[in-house]
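**Student:** Structure provided below as structure tokens; questions to follow.
Readers should treat all values here as calculations from the given coordinates under stated rules, not as data from a laboratory. From a predicted model like this one, the values you see are computed outputs, not experimental measurements. Note that we place each Cβ from the backbone using ideal geometry, even for glycine, and neighbour counts take in every protein chain shown.
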Amino acid sequence: MEYKVEAHRIMSISLGKIYNSRVQRGGIKLHKNLLVSLVLRSARQVYLSDYYSGACLNAQSEREGNEWDITDSEREKFPPSATECDRVESTEEPQPNEQPEKEREYRENDDEVKSDQVDCTSTLQEQNQNSSLDSVAKVSSETPPESITEPKESPSDSAVAERDSTPEANGESHQPPKPYVCSNRKRSAEESESGDSPQKRTKVASSNAKEDEEAEEMDTSNVSNLITIFGSSFSGLLSKESAKPEAEAEDSGQICCDQMLKNLNPWSTAIVAF
Amino acid sequence: SEHACAGFYQNKKTFFSFFFILVCDPADVISTVEFNQTGEFLATGDKGGRVVIFQREPQSHRHFIGEYNVYSTFQSHEPEFDYLKSLEIEERINKIRWLPLHNPAHFLLATNDKTIKLWKVSERDKRAEGYNLRDEEGRLKDLSTVTTLQVPVLRPMDLLVEASPRRVFANAHAYHINSISVNSDCETYLSADDLRINLWNLNITDRSFNIVDLKPENMEDLSEVITVAEFHPHHCHLLAFSSSTGTTRLCDMRASALCDQHAKLFEEAADPSHRSFFSEIVSSVSDVKFSHSGRYLLTRDYLTVKVWDLNMENKPVETYQVHDYLRTKLCSLYESDCIFDKFECAWNGTDSVIMTGAYNNYFRMFDRASLRDVTLEASREVCKRRAVLQPRRVCVGKKQKETDVSVDSLDFRKKILHTAWHPKENIIAIAASNNLYIFQDRLTPNGHHNTPEIQSAPPKWQTQPNPPTY
């Protein structure tokens, strides 16, 4: 998850630079702001791609309910892979994975990860996507060190995660290295907070809508909000004493931030300022 | 010490042995350095809008190298305020280019972010005396009392160097000017800002032609900016410009009036193993220089310098790593803004050696034939008069020699962005913040191998008859 923290940090630094450039002597440097916005965009992609694969998907699960049909059919293709995943999973976690739902998730995860691997360029990619067992096994073995640290997963998360990030992957000509992992760390916390998240989202979204008319104001308020949010969430991230409080702090920051990020076009703010 | 010197000279590891001959200390950070076409003059521009010109003394028997002394100083640009945009326009001189005119006077173009000025620098060493129109106190005489015709006589006077602005080329750039380049036809020149390149006639100030326009219809679609532009040294119809995306384009002005369509595009495929958040920034080209022969292009990006053959677009013929050890530090360099530093590069007169600056007051030279390279330092501590520069080495891990410098101890505030090489001889000018260093190779072009003095004598600039005043 370090890359996500890194992406977070780079985003806040970039926004700070864009903000500061407006008060610099000599006016805004177009070249520098363009480069900063590219970095911001890359970091944002990395950050959001993992966001969709991790948190906040319970709220989206109703919308994405039809995806279950597809994943069911894919599930049937790869029954043996479940054991592979379970085996790998069990080496990471002390409790063996007994629930059949979990088995399905892992298989779907692998399927989704596989399909994404076809589309986007990630450092974890392997060439041959067709051999099911081999590729799934490879994926399982690659992802655990980074992500599979928590036993619990919500079913909808994995399915939606990879789908949502695929279009992003397709749409971009070049990608920062995006490890496509089953990042399950935040899901448990998300489930517990699923009741809270829609409220938070609404609150932030409305404040955004109000400020939309004044682009300049949106700039500064978004930036200052983001910076305070990053500040609070980082303090939670840095202390790794327990997974739950860490995830909570991260989530609250994430949810608010993410709404901001969806509405914030970094380049437009820089251009408008210029 | 003579012995060590001779050994150093023959040392196969270094092909240059420079010694330091001048440093001057203007009040402001130097922002551009440029030799004129003969190398007799060296112009520097600084952040305060001033231009300082040095002239090389003729070589005498005592000094086997000609030393550079201050010739003229003048204020070229002043800070301005754009009331419409509520923006201050910095007076910092971004570029100076000499005009190749064969005249007793010298002409140079100096530009800040918005305005280009043509300066005439001329000498006056004679004064007309003997007018009989005024009395001793200087009052005009009553003309009826003047009965004889007296022709004034020119008498020598102390040399006076005057700089006067002859042309002001203004209001043609909406964005910040980054380059100017004089055409080989000596009649036109180009000026480039972030999005546009304009063509001027040196004699016409109220009109310029736009020849490249990268501005998109919707600024939100902006994907690249122009970073540097330069005319070909011999072909008056060819120009090159580089962009923030790491590409360099060659344009032919004969093809069409607007050169948005390039004749050639020089771009190397990015190395996927080096992909990071900062790949775009690191690939942005910060300088472009045609070789003197006109056959090659030199481009500088954050970590490398590359030599391109004009006949091959898909990859450079040579790539030199300037400071590859920074590749793992890009994030902190981004935070400190160092990653946005724009380093220049230079060819030597025979196009056999390439030079560029780095951090910690280091600059690097690459010999193209032997593929040897050297890192040298420009700092007051090591540059005693006539001392030979010792090569430096940056190590990533453990120090192998005592003189090695670890990457973590590099001072990133000390950066050498601007360097220039004499067009004919092995004399280089290095700008390190507000200090100008001039180094000359011991092996002079005419083959004299005079024994240099290693003893550090008081720097000459302290005992000059006319110390630089700023």
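**Student:** Can you work out the FRET efficiency for the pair B:Asn434 and B:Ser256, with r the C-beta to C-beta distance and R0 = 60 Å, to the nearest 0.05? Mind dumping the intermediate values first?
**Tutor:** On the way: r = 44 Å, r/R0 = 0.74.
Step by step, r from the Cβ atoms, then E = 0.85.
**Student:** Sticking with this structure for a sec: Taking the range B:180-264, which trypsin sites (Lys or Arg not before Pro) meet the DSSP loop condition and have no more than 13 other C-beta atoms within 10 Å? Present the calculation step by step, with values, prior to reporting the outcome.
**Tutor:** Working: sites: B:Arg196, B:Arg207, B:Arg249, B:Arg254, B:Lys264; in loops: B:Arg254.
Listed in order of number, the matching sites are B:Arg254.
**Student:** Once you have the Cα-Cα distance between B:Arg413 and B:Asn103, take 0.36 nm times their residue separation minus that, and quote the gain in nm to one decimal. List each step's numbers first, then the result.
**Tutor:** Numbers: separation 310, 0.36 × 310 = 111.60 nm, distance 4.11 nm.
Separation in residues times 0.36 nm, less the Cα-Cα distance, equals 107.5 nm.
**Student:** What's the FRET efficiency of B:Ala174 with B:Glu78 using the Cβ-Cβ distance as r and R₀ = 30 Å, to the nearest 0.05?
**Tutor:** On the way: r = 20 Å, r/R0 = 0.68.
That pair, B:Ala174 with B:Glu78, gives E of 0.90.
**Student:** While we're here: Under the 0.36 nm per residue contour assumption, what length would be gained going from the current alpha-carbon distance of B:Arg295 and B:Ser273 to full extension? If you can, show how the numbers build up before the last one.
**Tutor:** Details: separation 22, 0.36 × 22 = 7.92 nm, distance 3.12 nm.
Using 0.36 nm per residue and subtracting the Cα-Cα distance, I get 4.8 nm.
**Student:** Just to be sure I understand the model, the point goes 7 Å from the Cα along the line to the Cβ. What's the resulting B:Lys399 to B:Lys424 distance in nm?
**Tutor:** 4.4
**Student:** Follow-up. Which links in B:Lys306/B:Lys398; A:Lys32/B:Lys424; B:Lys289/B:Lys398; A:Lys29/B:Lys401 stretch past 31 Å when you go from one Cα to the other? Could you put the intermediate results ahead of the total?
**Tutor:** On the way: B:Lys306/B:Lys398 29 Å; A:Lys32/B:Lys424 36 Å; B:Lys289/B:Lys398 36 Å; A:Lys29/B:Lys401 42 Å.
The answer is A:Lys32/B:Lys424; B:Lys289/B:Lys398; A:Lys29/B:Lys401.
**Student:** What average number of partner chain Cβ atoms lie no more than 10 Å from the Cβ of the residues making up B:219-226?
**Tutor:** The shielding value for this peptide is 5.
**Student:** Here's another thing I want to ask about it. Got a sec? Which residues in the range B:113-135 would a label at B:Thr148 touch, if it sits 7 Å along Cα→Cβ and we count backbone N under 12 Å?
**Tutor:** Backbone N within reach: B:132.
**Student:** Something else about it: What is the mean number of Cβ atoms from other protein chains located within 10 Å of the Cβ atom of each residue in peptide A:18-31, rounded to a whole number? List each step's numbers first, then the result.
**Tutor:** Details: counts 0, 0, 1, 0, 0, 0, 3, 6, 11, 11, 4, 6, 11, 15.
The mean count of partner-chain Cβ atoms within 10 Å per residue comes to 5.
**Student:** If you don't mind, there's one more thing I want to ask. Within 10 Å of each Cβ in peptide B:326-335, how many partner chain Cβ atoms are there on average? Round it to a whole number, please.
**Tutor:** Values: counts 0, 0, 0, 0, 0, 5, 0, 0, 7, 6.
Shielding by partners across B:326-335 averages 2.
**Student:** Using 7 Å Cα-to-Cβ label points, what is the B:Arg380/A:Arg25 separation (nm, one decimal)?
**Tutor:** Placing both labels 7 Å beyond Cα along the Cβ direction yields 2.2 nm.
**Student:** Count charges around B:Gly39 for me, please; just the other residues with Cβ under 14 Å from its Cβ, Lys/Arg as +1, Asp/Glu as -1.
**Tutor:** On the way: positive: B:Arg56, B:Lys424; negative: B:Glu34, B:Glu40, B:Glu57, B:Glu67, B:Glu425, B:Asp441.
Neighbour charge sum, excluding B:Gly39 itself: -4.
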